[in-house]
Every structure is written in structure tokens, then in C-alpha cells.
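Engineer: Structure in C-alpha cells, see below.
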Amino acid sequence: MNIYDFKSLTDSIHTSLSVNLSPSAVTIIEFIIIAFAFMMLFTLLGLILVYAERKIAAFFQLRLGPMRVGKWGIAQTAADAIKLILKEPLVTKNADKFLFNLAPFIIILSTFMALGAMPFAKGLHALDFDIGILYLTAVSSLGVIGILIAGWSSDNKYSLIGAMRSGAQVVSYELSVGLSLLTVVVLAGSLQFSEIIASQEAGWWIFRGHIPALIAFTIFMIAGTAETNRGPFDLPEAESELTAGFHTEYSGLKFAFFFLAEFVNMFIIAGIGATVFLGGWMPFHIGNWEGFNRIMDFIPSLFWFFGKVAFLIFLMMWFKWTFPRLRIDQLLRLEWKYLLPINLVNILFMAFIVLMGWHF
Amino acid sequence: MDKTALILFVISAIAIVGIGMIFSWIVAPKSKNAVKEEPYECGIPTKGTSFIQFRVGYYLFVIIFLIFDVETVFIFPWAVVMKSMGMTAFIEIVIFFVILGLGLLYAWKKNALKWD
Amino acid sequence: MEQEQLKERILSVVPEAEFEITGGYMNATVPSAKLHDLAKNLRESEDTLFDYLFCLTGVDWPDHMTVVYHLKSTTHGHNVVLKAKIDSRENPEIDTVSDIWQTAEFHEREVFDLFGIIFRNHPDLRRIFLDDDWVGYPLRKDYVDKVNIIEL
Amino acid sequence: MKAIVKYISSIFSALKTLFKGMAVTGHYISHPKEIITQQYPENRETLKMFDMFRGEVVLTHSESNEHRCTGCSACEVACPNGTIEIINKRIEMPDGKKKKVIDKFVYHLSMCTFCNLCILSCPTDAIKMSQDFEHAVFDRSQLTKVLNKPASKLMEGVR
Amino acid sequence: MAETATNTNTGKPLETQEYFINMGPQHPSTHGVLRLMLTLEGETIHNVEPHLGYIHRSIEKMCEKDTYAQIIHLTDRMDYLSSHMNNEAVSLAVEQGLEVEMPERVKVIRTIISELTRLSSHQLWWGVFGMDLGAITSFLYGFRDREMIIDIFEETCGARLTMNYNVPGGLMFDIHPNFQKRTKAFVEHFRQKLPEYDQLLTGNVIFEMRTKGIGILSKEDAISFGVTGPTGRASGFSNDVRKHNPYSAYPQVEFNEVLREEGDSYARYKVRIQEMWESMSIIEQLIENIPEGDYKVKTKAVIKLPKGEYYQKVETARGEFGVYIISEGGKSPYRLKFRSPGFSNLSALNHMAKGVKIADLVVIMSTLDLVIPDIDR
């Protein structure tokens, strides 16, 4: 039993609103609150993650990173955001203006919808579909359409190459993300996030599913990094080859949206990974150790969730700031000749373990 | 509830981009000139158009993906019920995977997974 | 190959060659028309095998122009400097050696760009450093440019 | 069978090399003491250039506002870029003789390549390189400097 | 695969268009202002055409007006990463013309500083190479170690990059009292850091995939294109001027000419890494006993070279750098030609890059180690 349950909080808001308002008005107000909360979360996440990336990258590289705006440069990304809003939006001469402006909408839409299904803490989630994982994998890959549109409509050859690379890459790695998640679904027996988390009451799947879960987690991290177009898979925006890739022609706020989407996508991938493999907001529990589990429960579930996500994001940043970039054909070879076959075998392996009841 | 919430998310996503773009359009300076509208190609005027017939290799991967993604969708319901169904489900999926694996092997041997 | 042998070797191909030893290298001055044949001969003969052209440049003299080829053999280790004397300063022309040494392609473009020496049969003789519409050849001694050259 | 073993071992050896790389970066992020960058204007106090550092040409003046430049123009000749211009004037000495002294020692910092040839050429050691490196100005004309201070005189005994 | 795909309506093979793309002058991986006109099909390169001259200053023309002492500072501004070696080439050529023999002290100091310059150039190259591959962190690591060398230079001669430390007839100043101590400290430091370079990049599986077999240059082509330096040596072209035409203190030291046969980007990378070890060993051999003596010989204030021609080559970090001076007896050369290694190395680019992908072109260019002012002069 978790002592920090947000269900009571949301319920109390609901009842207090219902006292003197009609049910439909309550729904509308609740929706506005949710929408506002997610908008805030969205921008806040972007700002924090960009700052974190800069600082972490700096420390990897023996640098100090941003230090000027605020103490330890804490307001640097906010300053950058303001700067980007005040920048002139440029459109190239022969660009397809409608698609050019549409692309940021699509890319934000995909991240926003994916963010909605994140279970942040017990009882704190906006959407809890019974097909949660399917929904997330479907929605998070919508972003590639935005990238393709952005690259194609810019009338820039660098953008075009970047978009084409992105298309082939994201679409391929989508498979591995889905299959590695399925490995755990076999164990959990549900696609719903709340149930998957609940099924990890006695321990996180990454520990309980032993080898196949570990393999699936590794594949998920690789494929997830690739899906967010981050290094070493940042081919669509490989700056040493394509200057800035698919968003070469974007400036000001439109560029900021792509930038933001990349970082929020990273959060989403880390969030899915944390939820499915590391128990989401579920504290660190070990089987029947009642005392130990009780102590762990005292740490609020929000901390558990964001702690795990932060760890996975740090891991992804570690990848980016260590490895060289792959080439497009090597990238696809990695997916089709390594990750996919391993994944298929791994699912069978997992199913066999479940069948035999060998998991913990 | 969930469906309406989903629509809510779509609306708020569009709103956040729309409001941002309108706001930026109001506050940002605008000064047009011909050079600014040139596509960036390292400071040199472009040669030829960018709307070209691109190499087919990229699209072929998308086609292979399509095939495999449909298969993955079939695995989703199986994964949910695997635990409760037991042996039958396992045997069925082994057969399914063998066929899928043969498909992958075929594509592999046909060099469809090879770039150029 | 010793310098004396080399001298005889060059004389056997180009009898009118003139020799001079300066800066540690043996210099052979030959008429520009004979240069290509001599170069090809020196490159391909087993006993000379000058396969490495390490420097190619032009010199603008008051009454003629020369193209200077610094050659080395990576197998035998001997050097020779060939100088092709072009009599005309107005219409300097010489055969390309880019078919013998690939590096000459760029170097000849440079010499063309800065001296205006035309290399016949060169695959792609264009200006390499300066704009295509540049007037004049800057490394010639009589080149004047009031804008870009500041006299101190 | 051999192919499969090779396939699997290649995966593990590849992962090993990746971890090796991550160990290097991991070492540095866990050792913040290794950070090499500094905050520039803040460290002005401790930031000292080496004595040899060639910042800009200065004409040394003594406390009594005397310099050692005789106006011989050796530095002007030695300079490859025309950075230095010596403008001389003739003044009448107390004993009635006319003497050539410098009017202006003009130094175009914007053209200087800090090659040190002027300093080597100076017969009276009048000029030297200072350690000042903060040359940024907002107006290019400020880079043209007159090095001799107003009302400065040639030091006694220097010729 | 592209060949088998057909249009379902017409039955004809699907066609892809060739298109042109400008890489540079303002591009992150052209390392300066080099412009490459690429002809592409998909991502495959069909042709690379370099357009040069964005920073052509006609240094050779300027030299015809300058005295020999003044020429040296211009060579700093060609290959700014091996400025000391460029200085040395001109100094040696002039000394050859004046027929003066340098004191042992000058020779040894010149050699040590040359090797330090080579190390610093290779360190910078290593960092930039990593960056071109997308491993940005290596850039800072390379710079960290390079900084120590640059500090040694600054303490010794007052400049960090464009040193102008050589003068015809010796050195501009004597070495700083700290020089030996600092250099030894650096070598000790770098002996520990260089294996880290290997851990971070060399063994990495992605790195090997990206470099092995990319941009192969055969030995015959390397000789024919005049590709020298580490680039040529990676193709098996033995061209180290330090071995073949030794100058300064190189005859007294023992070192290996690093040669490899493969001629691909990986070989070029390995040659440079190995050269760093060799450079350190050369420094260690010399640093202990720098002979006492003068740091320069007396020359006239304005040097006049006797009539004649002088060719001097040295091994810079990029390859064979040659100075060809034609003197008519005046204080300036009648004609001066710099044979810069970058120019010849670049000429092989099109040959190496045909049929590779854009990403590979970046790798090839980076392993050629181009410095654009060296090419444009």
C-alpha cells in the first residue's frame, strides 16, 4: 500500500468543485486545469532538460557550462527561450509554406499526446488506457511525420537528407521499441500502465525477469535513443554532415519547438522505460521483505518516478556525449540484423520463462 | 472520459504551438530581404531544386517496416494473454515467429536489408 | 642514379638540355616543347622512375617564363629539377604533365591561375584560387593592382 | 553454428568497447576537479600572462616622463606590415643646434601581427611588448595609438 | 536494391536524380572556408569538386617584397598549426644560402619545439576528428592536453600559435629557464593521457565501423597525388622528410617512421596516434641534454642571399612542406614558392571520396587533416 496516493487529492478537488457547480462545468474546469498543468509541465520539462543537458555535457567535457544567467546559469535556458521568441521567423523563398508551418504542430502534438499517458505518481495521470503501451508507441512515432514534413517543405537539400534519414531511422527503431516493451507485457499480462506498475509491487521487472528483461531493457534504451534522434543516432540533424539537418531552415520559436520536442521525447522514452522496466512510481520493493518495503514507501512516489527518469535520461546523455555517430546504413544494419532478431528470440525466451514459471 | 481527455490533449497541443507562434509573430521583428529567403547552403546560392526524386532505399525500409509492424500488432494481444493461456499460446507464437523469422531471413538473403 | 649518369640520360632524350647545380639539386633546363616527352621518359624508365613530383611552380623572368618541376624517385631516392623554358611571355603554353603525375592537375591550375601559363590537354584548366572573372595574373612581375596590393 | 557464435561474440565485444568509452567520460564527470575552463572576467586577478607574452608594442617611459626613442625609424623599416609610423620633428636645442626628435610614434594595433621584429631591431631598447591582451574596442580608430606620452622627452644619454 | 525497384505503372526502373549540394564555405566540418561542390545521388557521392581561394592572400607575392626576416612571420599564417615547422623551413633555406652552420643548441631546441608543435597539431586533429564523427567530447580532451604545449610556447617565445620563433640564423630568444621542466612535465602527463584517447575512440566499435575501409588511397595513388605526411604514410608511402632528408637535430635522434599499408581512414588515424608516441620519445631523447651555446649566430641586419636557387623541405604535421627560393642576390627573393602539404593532399580528395556517403566524406576530409590557409596561402 502506498501512502502517497494522488487519488485522494484529485478526488477532493473533484468533490469540492461539485458542491456548487453543475457536472458539465466541473468537467470543463477540470479539463482546463489538466490542460494548463500539462502545458506548464511541458515547457518546464523542456527548460529543465535543456539546462541539464548543457551542464551534464559540460561536466563530461571538463567545462563549466552556462554560468552567466543566474547562479550557475540556472536561468540560461529561460533566457534562450525568450531570445528565441523574439527572433525573426524566416521562411525560405520556395518553401511549401503551409507544410513548413504545420510541422511544428505535428511534432508537438505527438509529444504532448504521449506525455498525457505518463503515470507520474500513484493516481496522477491524465490518460490511463487499457492499451496504454500500444497507444504510446503509436503516438510517439507520429513525430516522424513532423520531421519528414519539416525537412521536405524547407526547400533545402540538407533538410531533405535529414528528413529522409529520420524517416528510415525512426520507423525502423519503432519496431524494436515495441517488441522490447512486449517482452515485459508477456510478464505483466497487461498493456495498461497502472496495471503494469501494480504488477511490480513485489519488485521491478528488470530484476524479476532476469536475463530476457535485461536484454529487453538494453534494446529498449538503444532503440529509444534512436527514436528520439539523439546521439549516437542523431543522423537527421548530424551537424558535421548536414549542418543542422531537418531544422536547418527553422528559426525563432519554430526551431524552439523542434528543440523542445526532442527533449520532451527523451523524457517520454525515459518515462516509458522507467514505468515498464523500473516500476514507474513504484518504490524499490524486494519480494516479501515487509519492513524494507515499508521504509521504501516513505519516499514519495513522485520522487521515485522522476528519479528513475532522471537516471535514464542521464544514461542517454552519457551515450550522446561519449559515442561517435553511426552512418545511415550501419544504423539500419544494427536494427534489422541485430536488434530485431535478438528481440524476437528474446520474446520467445521470455515466454518460455513465463511458461515455466522461472521468473521471480 | 479518456476519449474526451484525448481530444483535450490534441486541442491543448495545437493551442500551445498556435499561441506561441502568434505571440512570436507579434513580438518578433520582421524585415524581409531576398538574401534572407535563400535556403541555407553554406552561403552559396543553391544549384537546382530541392524537390527531387530521392533515392528509393529509404522508402524500401519503410515498406519492410510496414510488414513487420503489422506483425507486431498481432503480437500485442498475444502478449497480454500469454500468461493465462500457457502452452497453447507459446506453441502458437513459436509458429508465428518461425514464419516471421523466415520472412526476415528472406529479406536478409535477398539483400533487402543492405544499403545500396 | 648518379648525377652524371642522369645528365647523360636527359641529354639522350633532349640534346639541347642545359645543366646547372644549385641548392643541392641538379637542374636541367629544356625547351618547353620537349618537356612532356622527357617527363614521361623519366617517369617510366626503370632506371630513373621519377614517380613523385613534389613541387611544380612557375617563374616569371623578364624575357621568358619557366615551369619548374621538382622530381624524386621513391624507389631510387634520387632527385632532379626540370625547368621548361617558355619563350613567349604573352602566350605561354606548355603540355600538361597531369597525365603522368596526378598531383600536377591542381598545381598546374595554380600556375595557370597566378602566371597565366596555359597547359595544353589539361583536363580541367580553370582558375583555382581567384574568381573566374579576375583580370590578370598576380604573380607576374608586371602585374599591377592598385586596390589589393598596398605598397608600404 | 560457427556463424552464430561469431554473431553473438561480436555483440559482446562491441558492447565491451562501448563501455570502455563510457568509463572514460564517466571518470571525468565524477571528477569535477579536472574541469579546465575558467570564468574569464572573474579570474582577472589571478590571470597573469607570461613575461614573454607579446600583447602589444609599448614605448617605455620613465617616471620623469622620458623615453628612449631617438626616432631612428629602424622599427618602421623592420615592420613587415607598416604597423609603425614614426613622425619626427626638429626642435631647437638650448645650445642653438637643431635636433631631430620624435613628434608622434604612431602604432596601428589593427595591423600588428606581434612578430617582434620591431623590438629586435630597436638599437636603444625603447620599445617592448606589454602583457596586455585585452585589445577589444568598439571603434576601429581607437586601435591607432600614439605611443609617446604628451610632453615626453628623450632620456638623457640615449643616442 | 535501388536497381531492382521498378515503377508499377511503366515497368521502368525507378530513377533517382543526381543533385548538387554545396558543402562549405560555412560548414561545420570543412574546418575553415573550403567549399566542396558535391554531386550526390541519394547520399552517395558521385563527384567532389573543391573550390578554393576564399582566404587566398598571395603570400608568395608578398614575399617578393619582404626581407627574409619578414617572410618568416607570413609562414606562421599558412599552416597555423605547424607554424614553427614552417618558420624552420624558411630559416633553413636562408641559412643554406648563407652557408652558415647552426650551433647544436639551436638545432636541438628547434627540433624539440617542432615535435611539440607536431604533438599539439595532432592533439587538435584528434579532438576535431572525434567531433566530426559526432563524439564531441574528444574535442575538449584534445584541447586540454594541447593547452599545456601552447603554454610552453607562450612562456618560451611569447606567442601561442603564430610563434615566429625562428629567425634566419637561429632563434629569436633563448629558451625560458622553465622550458625543460615544463616540457618534461608535459610528456609525463601526456604519456598517461594518450591511452585514454585510445579508450575513448580507437577501440570503439562505432568508431571502427566509421573509419575502417573508408576512403582508401593506394600507395601508387598517394605517390602520384603527392600525398605526404601521415596521410601518405598510412598508404605505405615512405616520405618522412625527417628520415629521408634529415635536418636540425633529427640525425641524432632515434625514431621510427610510422608506416601502414591499408591506406584507409583508420590507418591514417592510427599513424597519427603512433606519431604522437614517436614525438614524445624524440622529445625525451633531447630534452635532458640541451647543449650549451649561443641561441643564434650573427647575421647582417638585412640578409642578402647570394644569387641562386634554394629548396628546403621539412616535415610538418601535415606532410612535406617545401620552400623554393630563387634569389637574384637582393634582400628579397625574386620568386618564392611554398610547397604546402595540404594542397597536394586535398587534390586526392575527389579520388578517395567517389562512391562514399556524405558521412564518410566528413571522415575522409578530417583524416586528411586539412588546414585551409595552408592550401590557399
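Engineer: In segment D:58-98, what residues are at pLDDT below 85, among the charged types (D, E, K, R) and open to solvent by 70 Å² or more (accessible area, probe 1.4 Å)?
Structural biologist: D:Glu63, D:Arg68, D:Lys89, D:Arg90, D:Glu92, D:Asp95, D:Lys97, D:Lys98
Engineer: Looking only at residues that are closer than 20 Å to B:Gly86 by Cβ and more than 8 Å from chain B (Cβ to nearest Cβ) in segment A:189-209, which one is surrounded by the most Cβ atoms within 10 Å (Cβ to Cβ)?
Structural biologist: Let us first name the residues in segment A:189-209 that are closer than 20 Å to B:Gly86 by Cβ, namely A:189-191, A:195, A:199, A:205, A:208-209.
Now drop any that are not more than 8 Å from chain B (Cβ to nearest Cβ), which leaves A:195, A:199, A:205, A:208-209.
On the way: A:Glu195: 15, A:Ser199: 18, A:Trp205: 24, A:Arg208: 17, A:Gly209: 26.
Here the residue is A:Gly209.
Engineer: Considering segment E:77-104 alone, what residues qualify as being crowded, with 21+ Cβ neighbours inside 10 Å, under 23 Å from the mean Cα position of the chain (by Cα) and not in a helix (DSSP H, G or I)? So that I can check it myself, show each step before the final result.
Structural biologist: Here is the first cut: in segment E:77-104, the ones crowded, with 21+ Cβ neighbours inside 10 Å are E:78-79, E:81-95, E:97, E:102.
Filter again for under 23 Å from the mean Cα position of the chain (by Cα), leaving E:78-79, E:81-94.
If the condition is that a residue be crowded, with 21+ Cβ neighbours inside 10 Å, under 23 Å from the mean Cα position of the chain (by Cα) and not in a helix (DSSP H, G or I), then E:Met78, E:Asp79 are the ones that fit.
Engineer: Inside segment A:108-165, can you point out the residues that are free of Cβ contacts under 8 Å to residues at least 60 places away in the same chain and within 7 Å of another protein chain (Cβ to nearest Cβ)?
Structural biologist: Correct list: A:Leu109, A:Met113, A:Leu127, A:Leu134, A:Lys157, A:Leu160, A:Met164.
Engineer: If you don't mind, there's one more thing I want to ask. Of the residues that make up segment E:362-369, is at least one among the acidic types (Asp, Glu), more than 9 Å from chain C (Cβ to nearest Cβ), part of a helix (DSSP H, G or I) and within 30 Å of A:Arg325 (Cα to Cα)?
Structural biologist: Scanning segment E:362-369 turns up no residue that is among the acidic types (Asp, Glu), more than 9 Å from chain C (Cβ to nearest Cβ), part of a helix (DSSP H, G or I) and within 30 Å of A:Arg325 (Cα to Cα).
Engineer: Still on this structure: Of the residues A:Asp96, A:Asp80, only one is more than 9 Å from chain B (Cβ to nearest Cβ), surrounded by fewer than 19 Cβ atoms within 10 Å (Cβ to Cβ) and of a type in the set (Asp, Glu); which? Quick ask: steps written out before the conclusion?
Structural biologist: Numbers: A:Asp96 fails: more than 9 Å from chain B (Cβ to nearest Cβ).
The match here is A:Asp80.
Engineer: Being surrounded by fewer than 24 Cβ atoms within 10 Å (Cβ to Cβ), under 30 Å from E:Gln96 (Cβ atoms) and either more than 10 Å from every other protein chain (Cβ to nearest Cβ) or within 23 Å of the chain's Cα centre (by Cα) (or both) narrows it down to one of E:Lys219, E:Lys193, E:Lys243, E:Lys184, so name that one. Give the derivation first.
Structural biologist: Numbers: E:Lys219 fails: under 30 Å from E:Gln96 (Cβ atoms); E:Lys193 fails: under 30 Å from E:Gln96 (Cβ atoms); E:Lys184 fails: under 30 Å from E:Gln96 (Cβ atoms).
Exactly one residue qualifies, and that residue is E:Lys243.
Engineer: Which strands (runs of 3 or more DSSP E) sit wholly inside segment C:1-73 and have at least 1 residues that are closer than 12 Å to C:Val97 by Cα and of a type outside the set (Gly, Ala, Ser)? I'd like the intermediate steps shown before the answer.
Structural biologist: Numbers: elements: C:18-22, C:25-31, C:52-60, C:65-72.
Strands (runs of 3 or more DSSP E) meeting the threshold: C:52-60, C:65-72.
Engineer: Now, a different point. Under 8 Å between Cβ atoms, at least 6 apart or on separate chains: pull out the pairs that start in segment A:21-45 with a residue that is under 23 Å from A:Phe257 (Cα atoms) and end on any residue that is open to solvent by 40 Å² or more (accessible area, probe 1.4 Å).
Structural biologist: Hits for this filter: A:Ile33/A:Ile13; A:Ala35/B:Ile11.
Engineer: On the given criteria, is B:Val10 hydrophobic (A, V, I, L, M, F, W, C), more than 14 Å from chain E (Cβ to nearest Cβ) and more than 20 Å from the chain's Cα centre (by Cα)? Steps first, please.
Structural biologist: Values: hydrophobic (A, V, I, L, M, F, W, C): yes; more than 14 Å from chain E (Cβ to nearest Cβ): yes; more than 20 Å from the chain's Cα centre (by Cα): no.
Considered against the rule, which asks whether it is hydrophobic (A, V, I, L, M, F, W, C), more than 14 Å from chain E (Cβ to nearest Cβ) and more than 20 Å from the chain's Cα centre (by Cα), B:Val10 comes out as no.
Engineer: Here's a follow-up. For the condition under 21 Å from C:Phe50 (Cα atoms) and β-branched (Val, Ile, Thr), what is the one hit in C:Ile94, C:Ile128? Give the steps one after another, and end with the answer.
Structural biologist: Values: C:Ile128 fails: under 21 Å from C:Phe50 (Cα atoms).
Only one candidate passes the filter, namely C:Ile94.
Let's see how each residue does on (1) among the aromatic types (Phe, Trp, Tyr); (2) touching a Leu at 6+ places or on another chain (Cβ under 9 Å):
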{"position": "A:Ile222", "(1), (2)": "no, yes"}
{"position": "A:Asp234", "(1), (2)": "no, no"}
{"position": "A:Leu242", "(1), (2)": "no, yes"}
{"position": "A:Gly245", "(1), (2)": "no, yes"}
{"position": "A:Phe255", "(1), (2)": "yes, yes"}
{"position": "A:Phe267", "(1), (2)": "yes, yes"}
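Engineer: Let me ask something additional. Would you mention how many residues in segment E:311-335 are part of a strand (DSSP E or B), farther than 21 Å from E:Pro251 by Cα and under 27 Å from the mean Cα position of the chain (by Cα)? Steps first, please.
Structural biologist: So the first thing to find is which residues in segment E:311-335 are part of a strand (DSSP E or B), and the list is E:311-315, E:320-327, E:335.
So of that shortlist, the ones also farther than 21 Å from E:Pro251 by Cα come out as E:324-327, E:335.
Of the ones still in play, those that are also under 27 Å from the mean Cα position of the chain (by Cα) are E:324-326, E:335.
Residues meeting the conditions: 4.
Engineer: Still on this structure: I'd like to verify a number: residues in segment C:102-142 that are of a type outside the set (A, V, I, L, M, F, W, C) and open to solvent by 40 Å² or more (accessible area, probe 1.4 Å), how many?
Structural biologist: Here is the first cut: in segment C:102-142, the residues of a type outside the set (A, V, I, L, M, F, W, C) are C:102-103, C:105, C:107-110, C:113, C:116, C:120-124, C:126-127, C:131-133, C:136-138, C:140-142.
If we keep only those that are open to solvent by 40 Å² or more (accessible area, probe 1.4 Å) too, we end up with C:102, C:105, C:120-121, C:123-124, C:126, C:131-133, C:137, C:141-142.
Here the count works out to 13.
This table checks each residue for (1) open to solvent by less than 10 Å² (accessible area, probe 1.4 Å); (2) within 13 Å of chain C (Cβ to nearest Cβ).
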site	(1), (2)
E:Ala301	no, no
E:Pro306	no, yes
E:Gln312	no, yes
E:Pro333	yes, yes
E:Lys337	yes, yes
E:Ser340	yes, yes
E:Asn345	yes, yes
E:Asn350	no, yes
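Engineer: Still on this structure, I have one more. Do the conditions hold for E:Lys212, that is, is it away from every other protein chain (no Cβ under 11 Å), of a type outside the set (A, V, I, L, M) and surrounded by fewer than 18 Cβ atoms within 10 Å (Cβ to Cβ)?
Structural biologist: Working: away from every other protein chain (no Cβ under 11 Å): yes; of a type outside the set (A, V, I, L, M): yes; surrounded by fewer than 18 Cβ atoms within 10 Å (Cβ to Cβ): yes.
Here the answer is yes, as E:Lys212 does meet what is asked.
Engineer: Take B:Thr72 and decide whether it is among the polar types (S, T, N, Q) and within 14 Å of chain E (Cβ to nearest Cβ).
Structural biologist: On the way: among the polar types (S, T, N, Q): yes; within 14 Å of chain E (Cβ to nearest Cβ): no.
Here the answer is no, as B:Thr72 does not meet what is asked.
Engineer: Filter segment D:22-46 down to the residues that are at the interface with chain A (Cβ under 8 Å from one of its Cβ atoms), open to solvent by 50 Å² or more (accessible area, probe 1.4 Å) and within 16 Å of A:Trp318 (Cβ to Cβ) and list them by number.
Structural biologist: D:Pro32
Engineer: Across segment C:40-61, what is the number of residues that are without any contact (Cβ under 8 Å) to a residue 60 or more places away in the chain and either more than 7 Å from chain E (Cβ to nearest Cβ) or open to solvent by 40 Å² or more (accessible area, probe 1.4 Å) (or both)? Let's see the steps before the verdict.
Structural biologist: Restricting attention to segment C:40-61, the residues satisfying the condition of being without any contact (Cβ under 8 Å) to a residue 60 or more places away in the chain are C:41-57, C:59, C:61.
Applying the additional criterion that residues be either more than 7 Å from chain E (Cβ to nearest Cβ) or open to solvent by 40 Å² or more (accessible area, probe 1.4 Å) (or both) yields C:41-50, C:56, C:61.
Summing the residues that are without any contact (Cβ under 8 Å) to a residue 60 or more places away in the chain and either more than 7 Å from chain E (Cβ to nearest Cβ) or open to solvent by 40 Å² or more (accessible area, probe 1.4 Å) (or both) in segment C:40-61 gives 12.
Engineer: Let me ask something additional. I'm trying to understand the selection: among the residues of segment D:128-146, which are assigned to a loop (DSSP other than H, G, I, E, B) and surrounded by 14 or more Cβ atoms within 10 Å (Cβ to Cβ)? Steps first, please.
Structural biologist: First, pick out the residues of segment D:128-146 that are assigned to a loop (DSSP other than H, G, I, E, B): D:131-139.
Within segment D:128-146, D:Gln131 is the sole residue that qualifies.
Engineer: Looking at (1) open to solvent by less than 10 Å² (accessible area, probe 1.4 Å); (2) closer than 26 Å to A:Phe98 by Cα, which is the only condition A:Glu237 fails?
Structural biologist: All conditions are met except number (1).
Engineer: Restricting the search to segment D:27-82, which residues are in contact with a Ser or Thr (Cβ under 7 Å, 6 or more places away or on another chain), outside any loop (DSSP other than H, G, I, E, B) and over 18 Å from E:Glu154 (Cβ atoms)?
Structural biologist: Across segment D:27-82, the qualifying residues are D:Val58, D:His61, D:Glu66, D:His67, D:Ala74, D:Cys75, D:Ala78.
Engineer: Looking at segment B:14-40, I want the residues that are at the interface with chain A (Cβ under 7 Å from one of its Cβ atoms) and have a partner that is in a loop (DSSP other than H, G, I, E, B) and modelled with pLDDT under 80 with Cβ atoms under 6 Å, at least 6 apart or on another chain. Which pairs are those?
Structural biologist: Between residues of segment B:14-40 that are at the interface with chain A (Cβ under 7 Å from one of its Cβ atoms) and residues that are in a loop (DSSP other than H, G, I, E, B) and modelled with pLDDT under 80, the close pairs are B:Pro39/B:Thr46.
Residue by residue, here is whether (1) among the polar types (S, T, N, Q); (2) not in a helix (DSSP H, G or I) holds:
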site: E:Ser248; (1), (2): yes, yes
site: E:Leu259; (1), (2): no, yes
site: E:Lys270; (1), (2): no, no
site: E:Ser279; (1), (2): yes, no
site: E:Glu284; (1), (2): no, no
site: E:Asn289; (1), (2): yes, yes
site: E:Glu292; (1), (2): no, yes
site: E:Ala301; (1), (2): no, yes
site: E:Leu305; (1), (2): no, yes
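Engineer: Ok, one more. Is there a residue being aromatic (Phe, Trp, Tyr), under 23 Å from D:Cys118 (Cβ atoms) and buried (at least 24 other Cβ atoms within 10 Å of the Cβ) anywhere in segment E:66-73?
Structural biologist: Checked against the condition, which is being aromatic (Phe, Trp, Tyr), under 23 Å from D:Cys118 (Cβ atoms) and buried (at least 24 other Cβ atoms within 10 Å of the Cβ), segment E:66-73 yields at least one hit.
Engineer: If I go through segment E:113-169 residue by residue, how many of them are outside any helix (DSSP H, G or I) and closer than 26 Å to D:Glu56 by Cα? Before you say what the answer is, go through the steps one by one.
Structural biologist: Start the filter on segment E:113-169 by keeping residues that are outside any helix (DSSP H, G or I), which leaves E:134-136, E:158-169.
Subsequent filtering for residues that are closer than 26 Å to D:Glu56 by Cα retains E:158-169.
Within segment E:113-169, residues that are outside any helix (DSSP H, G or I) and closer than 26 Å to D:Glu56 by Cα number 12.
Engineer: Something else now. Can you give me the number of residues within segment C:90-113 that are under 18 Å from E:Ser347 (Cα atoms) and either in a helix (DSSP H, G or I) or out of contact with any helix residue (DSSP H, G or I) (no Cβ under 9 Å at 6 or more places or on another chain) (or both)? Steps first, answer last, please.
Structural biologist: Taking segment C:90-113 and keeping what is under 18 Å from E:Ser347 (Cα atoms), we get C:96-113.
Then drop every residue that is not either in a helix (DSSP H, G or I) or out of contact with any helix residue (DSSP H, G or I) (no Cβ under 9 Å at 6 or more places or on another chain) (or both), which leaves C:104-113.
Count: 10.
The values are calculated or read from the model by the stated rules, or taken from the named source; none is laboratory data. Being a predicted model, the structure only gives us computed values, none of them experimental. Every residue, glycine among them, receives a Cβ derived from its backbone with ideal geometry; neighbour counts consider all protein chains shown. Ligands, DNA and RNA are excluded from the accessible area calculation, which covers all protein heavy atoms including side chains. Shrake-Rupley method; radii C 1.70, N 1.55, O 1.52, S 1.80 Å.
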